Amino acid sequence: MLSFRTHLAAVRGMDDFDEEAVLAKIHLVDDDILMLSGSLVDGSGTPSSDFDFCVIARSQDERFHRATFPREQHMRYYTSGDRVKASFDYLPGSLLGVDVEYWTVQEVSALLDAHARLYAQMRTRARKSSGFAASAVDFRVLSRLTYGVPLTNAAAFGELTAGVRPGEVAYTAFRAAVGSYPDFRDLAGMWAQGDHASALVAARKLGVDTFRGLTHVHGNTNRNPKYLSRFLDRLPLPSELTLRFAELNALGAGPQAGAADVVLEWLDLVDLAFAEIRAGREKAEAFVGRADFLGLLKEELHESMTWNAEISNEYCFRAREVEPGLPPLRELLAALTARTAAPHHLPLREWAKDRTAPVGENNKSA
């Protein structure tokens, strides 16, 4: 076994933990793959971060079943029916947690296959995806497989994870974060009602989603926004952009600021983030490029749509992740409030000409 002290000393700035006590919480057998991951490996950890381990066994054994898992040796354990999925405990005399997940080689292989199918499907759509919860992909574990460190059976780990493609994982994470016009439309509805406090909550969510998407453009596979500002600080971005995001996201605008003004400030920040997304995604090979993405938008238009300002504004919003020169979000907000179309250069009427509805929509066939 490769000692994991060397992987932790630089992050923690300390090594005062009992390695044998940690290993006793894991219940390894000889042919297990033991992976260390989480914030201690991705660089976002702190001296009080948990040890995040993943045990990948050749097949299920007594550790995977409620009745035979050594439950009394853990503060908590987690199951899905009879199947034990994870355990957690603290080290004796310490607040250092040991968090362990249990998988089999077959389950990880199936996870990677499921993600390959998901990625292929994500490349065919321009909308934000909301289907991860119903998918076969455990995205948190998948992300950890892109950067985790094998502490045992490194050769077997390398063979198992040979099909992991971090860029593709980053793209599916991006598609789960960016592109939700309904979110922006909700914000506009709150704004039009004069409910600026609720609009501010919606603007903050839009901002967090967009800035998280920006980290995915640069290869981050972690969807958890907990350390979003730390991830952003590592990227080649204007410091004033990341600093202002961190201030607004963590501290708010201050008691003297009006909610309406802060909504507009968030929208301006989101516009700046989209500019960085446009610059970065063309260099990300696994991402759908500008021309192909505009093609996806075009494919989603068809003749059965009643042409109106709503459709025009929707595509004005959704195209901005690849298309420069579109009106800023505060202008789009004003157009939605006035129930008019924001002027833009997208050839939407040309795209929609002579198109037919997809199968299943409006009782028409392709």
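The values are calculated or read from the model by the stated rules, or taken from the named source; none is laboratory data. Worth saying up front: this structure is predicted, and the values here are computed from it rather than measured. For neighbour counting, all protein chains shown are included, and Cβ atoms are generated from backbone atoms with ideal geometry for every residue, glycine included. These area figures cover heavy atoms from the full protein model, side chains too; ligands, DNA and RNA do not enter into them. Shrake-Rupley method; radii C 1.70, N 1.55, O 1.52, S 1.80 Å.
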Between the modelled labels at K226 and A116 (7 Å from Cα along Cα→Cβ) the distance in nm is 3.1
With a 1.4 Å probe and every protein chain left in place, tell me how much accessible area S48 has, in Å² to the nearest 10.
-> 80
Would you mind finding the longest exposed-site-free stretch of the chain, with exposed trypsin sites (Lys or Arg not before Pro) meaning DSSP loop and at most 10 other Cβ atoms within 10 Å?
-> 1-282
Partner aspartates and glutamates whose C-alpha sits under 14 Å from that of K128, ignoring same-chain residues fewer than 8 away, are D183, D209, E300, E314, E321
Could I have the simple spin-label model distance between V29 and R244, label points 7 Å from Cα toward Cβ, reported in nm to one decimal?
-> 5.7
Coil-residue GluC sites (Glu not before Pro) of the stretch 71-142, DSSP, other Cβ within 10 Å capped at 13 | none
For the chain, calculate the relative contact order in percent as a whole number, restricting contacts to Cα pairs under 8 Å that are 6 or more residues apart.
-> 13
Do the alpha carbons of any pairs in K205/K283; K205/K353; K25/K205 sit beyond 32 Å of each other, and which pairs?
-> K205/K353; K25/K205
Let me know the whole percent of all Cα-Cα pairs from the chain that are separated by more than 37 Å.
-> 32
If you stretched the chain out fully between T340 and A279, how much longer would it get, using 0.36 nm times the residue separation minus the C-alpha to C-alpha distance?
-> 19.0 nm
Would you work out the charge dipole size for the chain about its Cα centre, treating the Cβ of every Lys and Arg as +1 and the Cβ of every Asp and Glu as -1, and quote it to the nearest 20 debye?
-> 920
In the neighbourhood of V137 defined by beta carbon distances under 14 Å, the net charge of the other residues (Lys, Arg +1; Asp, Glu -1) is +2
Probe 1.4 Å, all protein chains in place: accessible area of D268 in Å², nearest 10?
-> 60
Roughly how big is the stretch 270-320's charge dipole about its Cα centre, with Cβ charges of +1 (Lys, Arg) and -1 (Asp, Glu), in debye to the nearest 20?
-> 220
Please calculate the 1.4 Å probe accessible area of M190, with all protein chains present, and give it to the nearest 10 Å².
-> 50
Determine the share of the chain's accessible area contributed by carbon and sulfur atoms, expressed in whole percent, with a 1.4 angstrom probe.
-> 51
Extreme residue, positive dipole direction of the chain, given options A309, G163, P92 (C-beta unit charges) | A309
So which aspartates and glutamates can K85 reach, going by Cα to Cα under 13 Å and dropping same-chain residues fewer than 8 places off?
-> D61, E62, D99, E101, E107, D138
Counting only protein heavy atoms and rolling a 1.4 Å probe, one gets per residue an accessible area for the stretch 53-102 in Å² of 49
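Stretched out fully, how many nm does the piece from I311 to A291 gain, at 0.36 nm a residue minus the Cα gap?
Additional length available on full extension: 5.2 nm.
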With a Förster distance of 35 angstrom and the Cβ-Cβ distance between L251 and V22, calculated FRET efficiency to the nearest 0.05 equals 0.45
Find the accessible area per residue for the stretch 152-303; the probe is 1.4 Å, ligands and nucleic acids are left out, and the unit is Å².
-> 45
